[in-house]
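Okay, so here's the structure we're looking at.
The values are calculated or read from the model by the stated rules, or taken from the named source; none is laboratory data. All of these numbers come straight from a predicted model, not from anything done at the bench. All Cβ positions, even for glycine, are placed from backbone atoms using ideal geometry, and neighbour counts span all protein chains on display. The protein model used for the area step is the full one, side chains on, heavy atoms only, and it has no ligands, DNA or RNA in it. Shrake-Rupley method; radii C 1.70, N 1.55, O 1.52, S 1.80 Å.
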Amino acid sequence: MSYDLVLRSTRVVTPRGERPATVCVTDGRIMAVTDHDATPDGPVTDLGDLALLPGLVDTHVHVNEPGRTEWEGFASATRAAIAGGVTTIVDMPLNSLPPTVSVPALDVKRRAADGAVHTDVGFWGGAVPGNAGDLAALHRAGVLGFKCFLVDSGVPEFPPLDPPALDTALRAVDALFIVHAENPDDISAAPPSRRYADFVASRPPNAETTAIARVLDAARRAAARVHILHLSSADALPLIAAARDAGVSVTVETCPHYLCLSAEEVPDGATEYKCCPPIRDRANQDRLWAGLVAGVIDCVVSDHSPSTPALKRPPSGDFAAAWGGISSLQIGLPAIWSSARRRGYRLIDVVRWMAQRPAEIAGLGTKGRIAPGSDADLVAFAPDEPFVVDPTALRHRHPVTPYAGRTLHGVVRDVWLRGQPVSPDGPPRGRLISGSSR
Ligand SMILES: [Zn+2]
């Protein structure tokens with residue numbers, strides 16, 4: 001047969017390993033992964049020694065449109081994603097207005113995204129007090145699962161669930177529940193301060209451990225599927241591993257900032273490092289890496305959560321006053337790859353953490369792998385090329401990021417979305433993913 005697109009590389013990263021191969025694409029799908037020196041019928045692009053990766057799947061992105069589009073938006077977020085080798089994002093249900101907690105709210109969001117997106121985009125729904133009766137319909141309407149908080153979310157229109165409400169939500173629909181697990185009783189109000197240590201102290205590791213224990217317990221009782229969002233404290237790893245061994249259906253993510261940045265390096269007043277739960281110390285970071293490598297942590301996703309620069313970097317440098325959220329959609333791949341290679345890990349590991357596992361957890365069966373039958377979402381990547389993070393080169397709406405000025409390795413050269421070449425400056429070729437039709 002004749003293929004639409006044929007890509008050849010000495011470093012094709014497949015689920016079975018990295019090897020010289022030729023990837024053959026028709027109608028947006030990978031049809032075959034053949035020998036490097038095969039001569040399939042179709043236009044061949046030889047990528048030489050550039051690595052060919054599956055497009056990354058970032059299941060934790062706050063797009064904030066509509067309602068807080070001045071923070072970020074579908075066009076700018078997905079341009080940044082493409083520039084960073086991410087070809088699928090899943091949008092979080094909060095910080096937009098309205099939050100995605102009902103079918104009409106999902107419709108509003110889909111209308112905002114439709115025609116504007118450069119990646120494929122899926123949606124999480126939200127579970128908030130009082131909407132348990134809406135969850136089944138929202139799931140049928142296409143959300144991939146439901147996010148809830150056990151602690152103040154940072155925005156008043158998305159309140160947390162108390163323990164009885166969590167139980168009710170978990171029983172309301174057979175879907176994945178993704179949980180921001182911090183226990184409010186273990187958190188104190190951060191004092192006004194330019195010192196990062198004062199902020200970290202207000203959100204100690206046991207706030208995560210206690211909340212995660214509660215989530216695991218609730219999941220066990222309801223026989224529900226749960227996913228722990230943005231794990232920061234490695235103290236919770238044994239608890240999670242034990243629950244999984246005991247049959248609880250739990251998956252876990254962490255984020256580039258917890259694996260690449262540490263509390264010791266945060267300058268006074270550098271509120272671009274603020275997020276919740278917080279970035280902790282280097283010893284904790286080493287234990288998170290161990291949890292990731294051991295598979296207790298399944299995946300690495302950005303938790304890209306920008307705001308306006310005025311909210312993110314108040315002139316006072318006060319950590320208590322600053323918005324909690326880090327922008328890294330465009331930088332996650334080189335950030336993680338730079339740390340991973342230094343620690344002796346390989347591209348196949350990064351692809352498992354940032355493409356394959358997130359796709360599997362979100363139920364995106366055709367995403368996240370270079371294999372016959374998968375969508376031809378592909379990234380040509382120069383893994384050994386260094387660059388300095390230049391905020392003016394970021395395509396996020398606001399270039400405020402703690403990675404500014406850092407030297408990283410790994411440059412995204414070319415991206416294909418369902419077999420079509422795409423770039424941040426090209427036309428938006430993304431599609432909206434509906435969980436009910438995937
Ligand atoms: Zn988030």
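Across all C-alpha atoms in segment 243-283, the radius of gyration and Dmax reach 14.2, 44 Å.
When you restrict to C-alpha pairs under 8 Å that are six or more residues apart and normalise by the size of the chain, the relative contact order lands at 22 percent.
Take every DSSP beta bridge whose two residues both sit in the chain, then give the antiparallel share in percent to the nearest 5. Kindly include the intermediate steps, with their values, before the conclusion.
Working: 30 of 63 bridges.
Close to 50 percent.
Can you give me the orientation-averaged projected area of the convex hull built on the Cα atoms of segment 1-85, in nm²?
Numbers: hull surface 27.9 nm².
That works out to 7.0 nm².
Using a probe of 1.4 Å, the accessible surface attributed to D186 totals some 40 Å² when neighbouring protein chains are kept in position. With the alpha-carbon atoms of segment 154-274 aligned to their principal axes, the span from lowest to highest coordinate is 45, 32, 20 Å, starting with the largest.
If you run the Gaussian network model on the chain, springs between alpha carbon atoms under 10 Å, then out of T392, T119, T100 the most flexible one is T392.
Ligands, DNA and RNA left out, the 1.4 Å accessible surface of the chain is 51% carbon and sulfur atoms.
Taking all pairs of distinct Cα atoms, average 1/r, flip it, and tell me the Kirkwood hydrodynamic radius of segment 83-204 in Å to one decimal place. Mind dumping the intermediate values first?
Details: mean 1/r = 0.0631 Å⁻¹.
15.8 Å is the Kirkwood radius here.
Working from Cα pairs under 8 Å separated by at least six residues, relative contact order for segment 72-187 is 24 percent.
The helix-only estimate of mean residue ellipticity at 222 nm for the chain, built from DSSP H runs of length n ≥ 4 each weighted as -39500 (n - 2.57), is -7500 deg cm²/dmol after division by the residue total. P20: net charge of surrounding residues, Cβ under 10 Å, Lys/Arg +1, Asp/Glu -1, itself excluded? Summing Lys/Arg as +1 and Asp/Glu as -1 gives -1.
I want the local charge near D268. Using Cβ-Cβ distances under 15 Å, sum +1 for each Lys or Arg and -1 for each Asp or Glu among the other residues.
Values: positive: R194, R195, K274, R313; negative: D198, E264, E265, E272, D318.
Around D268, the surrounding residues sum to -1.
Considering only G344, G405, G130, the mean-square fluctuation computed in a Gaussian network model of the chain, springs between alpha carbons under 10 angstrom, is largest for G344. Label-to-label distance for S249 and E265 is 3.9 nm, based on points extended 7 Å past Cα in the beta-carbon direction.
As a test of the definition: which semi-axes, in Å, follow for segment 213-334 when you take the square root of five times each eigenvalue of its alpha carbon gyration tensor? Largest first, please. Can you show the working numbers first?
Details: eigenvalues 170, 47, 32 Å².
They are 29, 15, 13 Å, listed from largest to smallest.
Per residue, the chain exposes 35 Å² of accessible surface when a 1.4 Å probe is rolled over the protein heavy atoms with every protein chain present.
With only Lys, Arg, Asp and Glu charged, each at its Cβ (+1 for the first two, -1 for the last two), find how big the charge dipole of segment 271-315 is about the Cα centre; round to the nearest 20 debye.
Details: 6 positive and 5 negative charges, 42 e Å.
Here the size comes out at about 200 debye.
Here the Kirkwood formula, the inverse mean of 1/r across different C-alpha pairs, assigns the chain a hydrodynamic radius of 21.7 Å. Just checking the listed ones, E385, E253, E272: in the Gaussian network model of the chain with Cα springs under 10 Å, the one fluctuating most is E385.
If packing is taken as the average count of other Cβ atoms within 10 Å, what order do 223-233, 424-434 fall into, highest mean first? Intermediate results must be reported in sequence, preceding the final value.
Numbers: 223-233: 22.2, 424-434: 16.8.
In descending order of packing, they fall as 223-233, 424-434.
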